[in-house]
Amino acid sequence: MLNIAIQKKGRMSEDSIKLLRDCGLRFSSSGKGLISPSSGFPANIYYLRDDDIPEYVQDGIADVGIVGLNVVEEGQNNVVISRNLGFSKCRLSIAIPRDMNYDGIQDLAGKDIATSYPVILSKYLKKYGIDSGIHTISGSVEIAPGIGLAEGICDLVSTGSTLLSNGLKEVEVIMKSEAVMISNPTLDLEKQSLLEKLLFRLNAVHQASTSKYILLNAPNDKIDAIIDILPGMKSPSILPLAEDGWSSIHSVVSEDDFWEVIDQLKENGAESLLVVPIEKMVL
Ligand code: ATP
Ligand code: MG
């Protein structure tokens, strides 16, 4: 059994549950209990506060966990980062009132900064030799300057709209964060092999989500030019059409250069293009 800790309720819950389900785990997410057994993969899902996840994983109560990199860095626990998961992307930034003058980090010297991330913030300030007051609070950090608790804040930002509506401007990006899979550094052989199995499934899900299956028709004399454009997994499949002199070509295209490839295919005689999502992809 692999014990997997995820956030019980919050910004990461839904994506964490979806990812595990895409990997073939079936479990209840009614969220009442702390632990849900899974079928489809020998695992138990532990629903926890996100801040507690690194410690549970360090102590071996959970074997792996899904949590923000920001929480891992702040917690300083002895855990291994097994994989980036690509969701819950945000950054940890310092922000100050919009009308405050700012020419560089030295302007933060002697100021009070409110944050829920004192460990990461103090490391950052120390790196630049800046001596600021750090005021640790557990939530609603963005209102601290408005109520006179601190002059600046250090908090998570994604779009910046919360900062804007509180009259703040972002002046330093301390770190970029996203959801990561962490694991206990001393898993036994059985759990280690389950973790590898899970990582293998995560790769298949990730590959599939960033690729598209593409089908197109082309006259036979254009096939060579079209094959040159298609990156494919190995080499594209070519099937004859009922109409003489024509073929159907199938391949996989990465989302990054998708539109560019489509344009080139059309310019080179491709017709009736079909683009289909891929559910899983095992290379
Ligand atoms: P808990 O009750 O589990 O302690 P929380 O209130 O501490 O929850 P959430 O606000 O749900 O935490 O955020 C969980 C994680 O989501 C954060 O640690 C961060 O990695 C990520 N996150 C936070 N804010 C944002 C944001 N604005 N955009 C994207 N991701 C974010
Ligand atoms: Mg939390």
Requested in this report: Please list 54-66, 189-201, 104-116 highest first by mean number of surrounding beta-carbon atoms within 10 Å per residue.
Outcome: 54-66, 104-116, 189-201
Query raised in the report: Mind checking the dipole of segment 90-177: about its Cα centre, +1 per Lys or Arg Cβ, -1 per Asp or Glu Cβ, Debye to the nearest 20?
Result: 320
**Report entry** Non-local Lys pairs in segment 157-283, i.e. 8 or more apart or on different chains, that have alpha carbons under 18 Å apart
**Finding:** 6
Query raised in the report: Highest GNM mean-square fluctuation, the chain, Cα pairs closer than 10 Å: which of LEU239, LEU20, LEU85?
Result: LEU239
Report task. Quick one: net charge around PRO236, please, counting Lys, Arg +1 and Asp, Glu -1 for every other residue with C-beta under 15 Å from its C-beta. Result -> +1
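Only the coordinates and a few stated rules stand behind these numbers; no lab work does. Keep in mind the model is a prediction, meaning the values are calculated, not measured. For neighbour counting, all protein chains shown are included, and Cβ atoms are generated from backbone atoms with ideal geometry for every residue, glycine included.
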